[in-house]
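Beneath this line is the structure, given in structure tokens, with notes to follow.
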Amino acid sequence: MSIIYFFDLIGTFVFAISGTLSAANKKLDLFGAFFTGFITAIGGGTLRDLILGNFPVAWISDLNYFLVIVLAVLVTFLFKRIIMRLKKTLFLFDTIGIGVFTIIGIEKALALSIHPILAIIMGLFTAVMGGVIRDTLCNDIPLIFRKEIYAIACIFGGLLFLFLKYLHVDPTVNLFVTVISIIVFRLVCIRYKLSLPVLKL
């Protein structure tokens, strides 16, 4: 199992938990929670693969993605009281997810000889579109459209990843450093209430 594949499954797992928690907050039933967790986990990657013409999309050709999502939903339901008590759990899982999926998206785009700048956009899509669909289904304003730092953290991480790749840093080290940097970047922005200007008419 390659490190990228391993991280892809981790990202799928934590995003599925994120989606299931959102569904639980809205008091959806088990099917609604599973559907929300499923679409949160695979939404960004599916959109990326469709744009890149990479068929079949990852979760269609590998049953492990589906099994990981089922496991995440079951874990969330079995331990939901414990998970819901943890402070900012949804935020934590969401942040881990965007960190992992940003790099996954960039790597997959680069493997198809996509220009590095456009590869960052694919990383961004992979990271945020599942959350956009999740929030839309749960009748919330998607995080990416709020003033909170979200997409900028992904772009920052993408640029760092490409820079370290240009310096020929070991791919595994680059992956860990970049994912952690995205997570830390977003946590710092939240801690110090840093945000983009809000457009007011």
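The values are calculated or read from the model by the stated rules, or taken from the named source; none is laboratory data. Computed from a predicted model, the values in this text were never measured in an experiment. Quick reminder, even Gly has a Cβ in these numbers, built from the backbone with ideal geometry, and neighbours come from all protein chains shown. Surface accessibility is based on the protein's heavy atoms, side chains included, excluding ligands, DNA and RNA. Shrake-Rupley method; radii C 1.70, N 1.55, O 1.52, S 1.80 Å.
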Region 1-33, residues that are within 17 Å of residue 131 (Cβ to Cβ), touching a Ser or Thr at 6+ places or on another chain (Cβ under 8 Å) and in a helix (DSSP H, G or I): 15, 16, 17, 18, 19, 20, 21, 22, 23, 24, 33
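In this structure, does residue 158 turn out to be in contact with a helix residue (DSSP H, G or I) (Cβ under 9 Å, 6 or more places away or on another chain), in a helix (DSSP H, G or I) and at pLDDT below 95? Break it down stepwise before answering.
Working: in contact with a helix residue (DSSP H, G or I) (Cβ under 9 Å, 6 or more places away or on another chain): yes; in a helix (DSSP H, G or I): yes; at pLDDT below 95: no.
For residue 158, the condition - in contact with a helix residue (DSSP H, G or I) (Cβ under 9 Å, 6 or more places away or on another chain), in a helix (DSSP H, G or I) and at pLDDT below 95 - is not met.
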Only one of 165, 193, 200 that is over 17 Å from the mean Cα position of the chain (by Cα) and buried (at least 16 other Cβ atoms within 10 Å of the Cβ): 165
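If you go through region 170-178 one residue at a time, do you hit one that is open to solvent by 30 Å² or more (accessible area, probe 1.4 Å), of a type in the set (Val, Ile, Thr) and over 17 Å from the mean Cα position of the chain (by Cα)? First the steps, then the outcome.
Of all residues in region 170-178, those open to solvent by 30 Å² or more (accessible area, probe 1.4 Å) come to 170-173, 176-177.
From what's left, of a type in the set (Val, Ile, Thr): 172-173, 177.
With the extra rule that they be over 17 Å from the mean Cα position of the chain (by Cα), the set shrinks to 172-173.
Looking for residues that are open to solvent by 30 Å² or more (accessible area, probe 1.4 Å), of a type in the set (Val, Ile, Thr) and over 17 Å from the mean Cα position of the chain (by Cα), one finds at least one in region 170-178, hence yes.
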Residue list for region 182-201, restricted to those being in contact (Cβ under 8 Å) with a residue 40 or more places away in the chain and either among the small types (Gly, Ala, Ser) or within 22 Å of residue 122 (Cα to Cα) (or both): 182, 183, 186, 195, 196
Exactly one of these conditions fails for residue 27: (1) at positive phi; (2) of a type in the set (D, E, K, R); (3) modelled with pLDDT of 90 or more. Give me its number. (3)
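Residue-wise test of (1) open to solvent by less than 20 Å² (accessible area, probe 1.4 Å); (2) within 14 Å of residue 71 (Cα to Cα); (3) without any contact (Cβ under 8 Å) to a residue 60 or more places away in the chain; (4) in contact with a helix residue (DSSP H, G or I) (Cβ under 6 Å, 6 or more places away or on another chain).
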residue	(1), (2), (3), (4)
33	yes, yes, yes, yes
38	no, yes, yes, yes
47	no, no, no, yes
51	no, no, no, no
Give all pairs with beta carbons closer than 8 Å in which a residue from region 120-138 that is of a type outside the set (D, E, K, R) meets a residue that is outside any helix (DSSP H, G or I) and modelled with pLDDT of 95 or more; count only pairs at least 6 apart in sequence or on separate chains. 122/114
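When region 148-160 is examined, which residues are found to be farther than 16 Å from residue 125 by Cα and among the hydrophobic types (A, V, I, L, M, F, W, C)?
Initial filter on region 148-160 (farther than 16 Å from residue 125 by Cα): 148, 160.
Of everything in region 148-160, just one residue is farther than 16 Å from residue 125 by Cα and among the hydrophobic types (A, V, I, L, M, F, W, C), namely 160.
If you go through region 8-17 one residue at a time, do you hit one that is of a type outside the set (A, V, I, L, M), touching a helix residue (DSSP H, G or I) at 6+ places or on another chain (Cβ under 8 Å) and free of Cβ contacts under 8 Å to residues at least 12 places away in the same chain?
First pass over region 8-17, keeping only residues of a type outside the set (A, V, I, L, M): 8, 11-13, 15.
This time we only want the ones that are touching a helix residue (DSSP H, G or I) at 6+ places or on another chain (Cβ under 8 Å), so: 8, 11-13, 15.
After this cut, where a residue has to be free of Cβ contacts under 8 Å to residues at least 12 places away in the same chain as well, the list is none.
No, that holds for no residue.
Could you name every one of the helices (runs of 4 or more DSSP H) located completely within region 54-152 that has at least 1 residues being open to solvent by less than 40 Å² (accessible area, probe 1.4 Å), at pLDDT below 85 and not acidic (Asp, Glu)?
Numbers: elements: 58-61, 63-78, 80-85, 89-111, 116-137.
Those helices (runs of 4 or more DSSP H) span 80-85, 89-111.
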